[in-house]
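Enquirer: Take a look at the following structure, please.
The values are calculated or read from the model by the stated rules, or taken from the named source; none is laboratory data. These figures come from a predicted structure and were not determined experimentally. Counting neighbours? That spans all protein chains shown, and the Cβs are built from the backbone with ideal geometry, glycine included. Heavy atoms of the whole protein, side chains included, go into the accessibility calculation; ligands, DNA and RNA do not. Shrake-Rupley method; radii C 1.70, N 1.55, O 1.52, S 1.80 Å.
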Amino acid sequence: MTAESSRKALLAEFRTRLQEGQRLLREAYFADAIAPAMLTGRCALIDGLLRDLWQSQAFPQDMALVAVGGYGRGELYPASDVDLLILLSAAPDEQLQAKLEALVGMFWDIGLEIGHSVRTLEECLSEAAGDITIQTALIEARQLTGDDALFERFQDGLQSTLNPQAFFKAKRIEQDERYLRFQDTPFSLEPNLKESPGGLRDLQVILWSAQAAGFGRNWADLKAGGFVTEEEFEHLTRCEASLQRLRIRLHYQLNRREDRLLFDYQTTLADQLGFQPTEARRASEVLMQDYYRNAKSVTQLNVILLQNIGAAIFPPPDLAPQPINERFQIAHEMLDVAHEQVFFDHPSAMLEAFLLLEKDASLKGMTARTLRALYRGRQLIDDRFRNDPANRALFLQIFQQPRGLVHELRRMNQYGILGRYLPNFGAIVGQMQHDLFHVYTVDQHIMMVVRNLRRFTMEEFAHEYPFCTRLISEFDRHWLLYIAALFHDIAKGRGGDHSEQGTGDARDFCERHGLSAEDTELIVWLVRRHLTMSHVAQKQDVSDPDVVKAFADIVGDERHLTALYLLTVADIRGTSPKVWNSWKGQLLQDLFSATRKMLLQGGEAPAPHGVIQERQSEAMRLMRYFALSGTVHERLWKQLDTVYFLRHSAEEIAWHTRCLHYRPNDEKPVVKARMNPHAEGLQVMVYTRDQRDLFARLVGFFGRAGYNIVDAKIHTTRHGYALDSFVLLDVSERDSDREMIPFIEHELTARLNSEAPPEAPITARLSRRLKHFPITPSVSIESDDKGTNYVLSIVAADRPGLLYAVATTLTRHGATLQTAKIATLGERVEDTFLVSGGGLTQSAGRISLESELLEQLKI
């Protein structure tokens with residue numbers, strides 16, 4: 001047999017061993033699901049293959065084959081790389097270099113994915129001395145075969161280069177930077193099992209720091225050294241095993257390395273792991289809640305154990321603690337329990353601890369001893385604890401402090417205190433919301449809403465929302481808003497109307513905590529009505545006095561109006577960074593101002609004639625700034641009816657008049673665009689002879705130009721001209737609205753002059769989130785209060801071309817559009833149109849339009 005045929009036979013033998021071994025490991029894992037056995041089993045399989053392959057090549061005695069990284073740690077996931085160091089005593093000659101290159105080729109040929117380096121002992125230690133990343137990989141080195149003495153010299157040399165203090169600091173900085181990459185939260189929609197906060201890396205950082213300081217290599221070593229308690233040891237192994245099971249399943253499911261829990265994989269994983277759906281939640285959502293709770297526990301343990309290890313690496317000065325009271329003291333600027341049984345002797349001190357942190361800005365946090373005591377003592381928060389008047393008073397005091405509320409509420413949530421004290425809050429911890437606009441779990445969203453309300457009270461953030469800052473500064477007992485925020489979504493996931501269900505929880509809390517009837521009524525009302533203002537502002541015409549009157553009847557007085565406005569702004573801003581924009585802010589502020597004005601006038605809607613007269617007078621006043629005569633408006637206004645003046649603000653009327661007063665009968669289209677004077681985006685006015693498919697043509701043009709329509713007012717003059725106004729937001733994030741004005745004016749005018757058919761917007765691929773959590777579209781057509789027009793409401797998944805599809809469908813049915821309110825909530829749209837004509841007066845006509853729209857809205 002030739003050397004080449006012998007080599008091929010050898011490789012085939014090793015390849016078969018690898019494939020068969022991995023098949024058996026997979027079968028065993030799917031039979032018993034024991035993660036550590038699978039991880040160590042794959043390591044043992046690869047160890048044997050590499051040793052035998054190494055021995056078959058007759059390498060010199062003064063070399064060593066070393067496993068590093070995760071492989072060195074003894075953990076190999078199904079699709080993880082095999083990281084190797086080939087350690088030499090001296091630089092290789094050409095013959096040895098060729099043999100090493102052949103060896104690496106053989107590793108790949110038998111089916112291993114290798115990450116390798118070839119270094120002399122001197123090179124290895126030199127590179128490690130100045131590089132924390134290399135130190136981290138080498139610190140877990142494990143000899144596979146070769147020169148024992150060489151590997152021992154390597155370990156001794158590596159240990160001598162390690163500076164435990166510098167290593168610890170570097171790892172903490174790395175962790176902080178890693179957390180920032182993942183928005184500093186373990187509650188990402190698609191978390192990374194390895195890198196996200198609460199993932200495997202958080203556990204590995206603890207062990208790396210301990211190893212660098214010589215405290216041990218595993219959890220058992222840390223327990224033996226007193227760094228980990230028995231309870232923490234059990235919790236660590238459970239949390240680690242949970243993450244290991246998910247990662248193993250993910251690798252097996254995809255047959256490749258993937259550490260992200262993408263929407264694409266969550267449903268299958270939930271099914272494989274036996275998670276069952278409930279009436280209100282998918283199995284994948286149950287899986288993710290289990291993951292989030294596990295991740296939260298990992299972050300807790302990470303904080304406690306790194307504090308413990310850090311205290312041993314950086315012994316603090318031997319200073320006597322400063323007593324605060326018989327239960328607490330200050331130790332090195334941290335809140336410390338007077339003794340480890342404090343919470344068992346005084347359970348109420350668990351709430352007192354957070355209150356003390358709020359009151360003393362010099363305290364930087366809690367000592368590891370205090371956190372451990374909290375962790376053990378949280379089980380004492382039971383019905384007896386909750387019913388204690390002293391504890392109820394302490395809990396309310398936490399909300400009433402001038403500083404520190406958000407930080408301490410988050411800390412209470414992280415360490416399970418908040419969920420124990422409020423079991424209904426505990427039920428929504430880690431609960432995902434697949435509604436296409438919330439990007440946080442329910443508990444994290446609630447924390448964001450409280451945070452937003454708090455920022456309204458802080459001078460350093462007054463520039464963000466000065467109007468909200470002014471309102472909350474004048475709002476007596478504004479801490480009541482924080483309680484309302486805590487309960488506004490607390491009934492999510494129960495099925496049914498969470499706003500209504502949450503009122504029972506809120507009322508029970510208020511009564512148990514001794515709030516006055518007036519304060520209780522406000523909080524309960526806010527929980528019940530927390531979606532109302534957003535609904536009215538985004539779906540109804542806030543320039544209509546009847547709409548404002550109906551909303552004013554709901555709020556009743558200025559205190560309720562102000563409270564609801566502040567909560568609504570904080571709530572929308574707390575759903576997702578992409579949901580809030582200045583246009584929505586302006587809609588809410590316009591509704592607030594109009595409603596407050598009406599309440600101050602006794603709550604009665606003014607007569608339409610009075611409203612029109614007021615707006616016309618204000619428009620005339622505004623036009624005088626442009627040196628226009630007092631009669632300049634007459635030719636245009638005589639073609640405009642009552643509806644126009646009721647739907648448009650005085651400022652819009654003045655703008656339209658300035659642009660059109662000299663050409664109300666112009667046969668050529670007039671297109672004018674400007675920066676939105678009240679919010680971001682553009683305002684565009686189109687004035688042209690009315691035509692059947694005009695709205696579809698305009699929607700298609702704006703979509704192709706990269707703009708979303710967020711508001712449309714469609715009007716037909718007495719002499720048959722369309723006077724349409726649009727508010728546009730740039731979806732392409734070009735930040736070039738001002739430069740786009742001449743383009744829109746010129747190109748749209750040319751399109752209208754050409755009388756070309758409508759052009760559909762450019763299509764784009766649907767997001768994965770929409771693909772895996774689709775919305776069933778809904779369409780309703782109802783007569784308005786006056787019976788002359790119809791309100792068309794659409795709820796659907798957002799996608800490019802959606803509004804164009806609606807517009808062309810309305811055109812085919814001969815329906816005339818009066819107004820459009822376009823509300824986009826993340827990837828969900830809730831659009832409202834006022835339409836007339838097209839056979840809508842007949843039931844058959846409405847059913848036909850509704851059916852075709854539903855077909856168009858399907859993804």
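Enquirer: Heavy-atom accessible area per residue, the chain, 1.4 Å probe: how many Å²?
Expert: With the other protein chains kept in place, the chain gives 43 Å² per residue.
Enquirer: For residue 516 and residue 621, calculate 0.36 nm times their separation in residues minus their Cα-Cα distance, and state this gained length in nm to one decimal.
Expert: That pair, residue 516 and residue 621, stretches by 32.9 nm at full extension.
Enquirer: Quick one: what are the phi-derived ³J(HN,Hα) couplings along the range 789-795, Karplus 6.51/-1.76/1.60 with θ = phi - 60°, whole Hz, x for glycine and proline?
Expert: Result, ordered by residue: 10, 10, 9, 9, 10, 10, 10 Hz.
Enquirer: To continue, here is another question. Dipole magnitude of the chain about its Cα centre, charges +1 at Lys/Arg Cβ and -1 at Asp/Glu Cβ only, in debye to the nearest 20?
Expert: For the chain, the charge dipole is close to 1520 debye.
Enquirer: So what's the angle, to the nearest 10 degrees on a 0 to 90 scale, between helix 368-377 and the longest Cα principal axis of the chain?
Expert: Roughly 70 degrees between the two axes.
Enquirer: Roughly what angle does helix 349-359 make with the longest principal axis of the chain, taking Cα atoms, 0 to 90 degrees, to the nearest 10?
Expert: 60
Enquirer: In whole Å, what is the distance between the alpha-carbon centres of the range 422-485 and the range 664-681?
Expert: Centre-to-centre (Cα) distance: 38 Å.
Enquirer: List the equivalent ellipsoid semi-axes of the range 78-223 in whole Å, largest first, each obtained as the square root of 5λ for an eigenvalue λ of the Cα gyration tensor.
Expert: Equivalent ellipsoid semi-axes, largest first: 31, 21, 14 Å.
Enquirer: Now, a different point. From a point 7 Å beyond the Cα of residue 400 in the direction of its Cβ, which residues of the range 474-506 have a backbone N at a distance under 13 Å?
Expert: 477-480, by backbone N distance to the label point.
Enquirer: A follow-up question, please. Toward the positive end of the charge dipole of the range 423-543, about the Cα centre and with charges on Cβ (Lys, Arg +1; Asp, Glu -1), which of 450, 531, 430 goes farthest?
Expert: Of the candidates, 430 comes out farthest on the positive side.
Enquirer: If you don't mind, there's one more thing I want to ask. Return the carbon/sulfur percentage of the accessible area of the range 162-220, one whole number, probe 1.4 Å, all protein chains in place.
Expert: 51
Enquirer: Taking 0.36 nm per intervening residue step and subtracting the Cα-Cα distance, what contour gain separates residue 256 from residue 476 on full extension?
Expert: 73.3 nm
Enquirer: Next question. Under the Karplus relation 6.51 cos²θ - 1.76 cosθ + 1.60, θ = phi - 60°, what is the ordered set of whole-Hz ³J(HN,Hα) values for the range 197-204, x standing for Gly and Pro?
Expert: Each residue of the range 197-204 in turn: x, x, x, 4, 4, 4, 6, 5 Hz.
Enquirer: While we're looking at this one, here's another question. Putting +1 on Lys and Arg Cβ atoms and -1 on Asp and Glu Cβ atoms, find which of 502, 633, 284 reaches farthest to the positive end of the dipole of the chain.
Expert: Of 502, 633, 284, it is 633.
Enquirer: Report, to the nearest whole %, how much of the accessible area of the range 403-508 belongs to carbon and sulfur atoms, 1.4 Å probe, protein only.
Expert: Within the range 403-508, the accessible surface is 51 percent carbon and sulfur.
Enquirer: Kirkwood Rh, Cα Rg: Rg to Rh for the chain?
Expert: That ratio is 1.06, to two decimals.
Enquirer: Residue farthest toward the positive end of the dipole of the chain, with Cβ of Lys/Arg at +1 and Asp/Glu at -1: which of 14, 620, 354?
Expert: It is 620.
Enquirer: Measure nothing fancy, just the Cα-based angle from helix 442-456's long axis to the longest principal axis of the chain, in degrees from 0 to 90, nearest 10.
Expert: 60
Enquirer: Roughly speaking, what is the centre-to-centre gap between the range 695-757 and the range 263-339 when only Cα atoms are used, to the nearest Å?
Expert: 52
Enquirer: While we're looking at this one, here's another question. Could you pull the Cα extents of the range 173-332 along its three principal axes, largest to smallest, in whole Å?
Expert: Here the Cα extents, ordered largest to smallest, are 56, 36, 31 Å.
Enquirer: Still on this structure: Through the Karplus equation 6.51 cos²θ - 1.76 cosθ + 1.60, θ set to phi - 60°, convert the phi angles of the range 629-637 into ³J(HN,Hα) values in whole Hz; use x for Gly and Pro.
Expert: With the stated coefficients, the range 629-637 comes to 5, x, 10, 4, 7, 4, 4, 6, 5 Hz.
Enquirer: Which order do peptides 148-154, 178-184 fall in by mean Cβ count within 10 Å, highest first?
Expert: Highest mean packing first, the order is 148-154, 178-184.
Enquirer: Can you list residues from other chains, or at least 5 along the same chain, whose modelled amide H is less than 5 Å from the amide H of residue 144?
Expert: Those qualifying (amide H under 5 Å, at least 5 residues apart or on another chain) are 65, 66, 67.
Enquirer: Further question: Could you look at the range 602-740 and say what percent of its accessible area is carbon and sulfur, using a 1.4 Å probe and all protein chains?
Expert: 49
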